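Before any comments, here is the structure.
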Amino acid sequence: MDRRTSAEVMGEWLPVQGATVVDVGCGDGWLVRMLTAKGAHVTGVEVSPKQLAHARSFPTVGDEHYLQGIAEDLPLPSRSADIVIFFNSLHHVDKTGLPKAMREAARVLKPGGILFVSEPLAEGDYFDVMKPVHDETQVRRQAQDILRLAPEFGLLAEKQLTHIDTVVLKDFDAFHDRLTSINPQVRERFIEREDDLRDSFARHGRQNADGSWSFDQPMRAVFLRRA
């Protein structure tokens, strides 16, 4: 399995220079800013008001902007985008909403436009560390399953790649903050199993020279074209 970052895969596959791009589930907007710096005209769509405020707090790189919305009902005109991206976000869509999300991506894409999906698989060191308190086995598999139905939504897969990306965390506290920000149930489970999690964190991770920790996370990138 190739070891490369998701950013490297996007850089190789996506013709972003001058393209109109939509990042669905953009979080704090890091990908929006990265693609804008590469010459794209990017709209970040995010459901969380807190994340939107965080994204908007960064200095603008170019003409990027952010909208509140969900994958199942994108606040964008039909046939307005050259590229739609789901990066680590499709598995956060409820199972019943996944077909709607795929239809919405197809709707906002221009004919011949690109849907790029990069999703973590339910395996690898990082997944094993988080699984006891935040098990995404089912939702990650559901995201892969809906991609197999892409032709039903007018989307044709042209290529895919399974590769190993790396999750880098400053320390165990950063791991705690990353997981417990998701929901209160994760916070409660984390407290109950903190000693075991600390042990698993140290066993599965690789400590870097600067003191941070790295974890392997297998990813699957899929490049689809709007018919």
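Every number here is computed from the coordinates shown, using simple stated rules; none is lab data. This structure is a prediction, so every number in the text was calculated from the model and none was measured. Neighbour counts are summed over all protein chains in view; Cβ atoms, including those assigned to glycine, are modelled from backbone coordinates with ideal geometry.
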Here the relative contact order (percent) of the chain, from C-alpha pairs under 8 Å and at least 6 apart, is 22
Summing +1 per Lys or Arg and -1 per Asp or Glu among the other residues with Cβ less than 12 Å from Glu46's Cβ gives 0
Count of lysine pairs, the chain, Cα-Cα under 27 Å, sep. 8 or more residues or interchain, comes to 14
In whole angstrom, largest first, the equivalent ellipsoid semi-axes that the Cα gyration tensor gives for the chain are 30, 19, 18
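About its Cα centre, how strong a charge dipole does the chain have in debye, to the nearest 20, once Lys and Arg get +1 and Asp and Glu get -1 at the Cβ?
Working: 28 positive and 34 negative charges, 156 e Å.
About 760 debye.
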With no solvent term and unit scatterers on the alpha-carbon positions of the stretch 74-129, Debye gives log₁₀ I(q)/I(0) at q = 0.14 Å⁻¹ of -0.44
Semi-axes a, b, c in Å (a largest) for the stretch 96-174, each sqrt of 5 times a Cα gyration tensor eigenvalue, come to 29, 14, 12
Given the candidates Phe58, Ile70, Val47, the one whose Cα lies deepest towards the positive end of the charge dipole of the stretch 32-97, counting +1 at each Lys or Arg C-beta and -1 at each Asp or Glu C-beta, is Phe58
Distribution output for the stretch 40-136: share of Cα-Cα pairs per 5 Å bin in percent, first bin at 0, values 3, 11, 18, 22, 19, 15, 9, 4, 0
Net charge near Ile191 (other residues with Cβ under 14 Å of its Cβ; Lys, Arg +1; Asp, Glu -1) is -3
Taking placed amide H atoms and a strict 5 Å upper bound, the residues 5 or more places from Arg225 or on another chain that come that close are Leu115, Leu156, Ala157, Glu158
Expressed in µm² per second, the diffusion coefficient of the stretch 164-227 from the Stokes-Einstein equation, with Rh the Kirkwood radius over alpha carbon pairs, at 20 °C and 1.002 mPa s, is 158
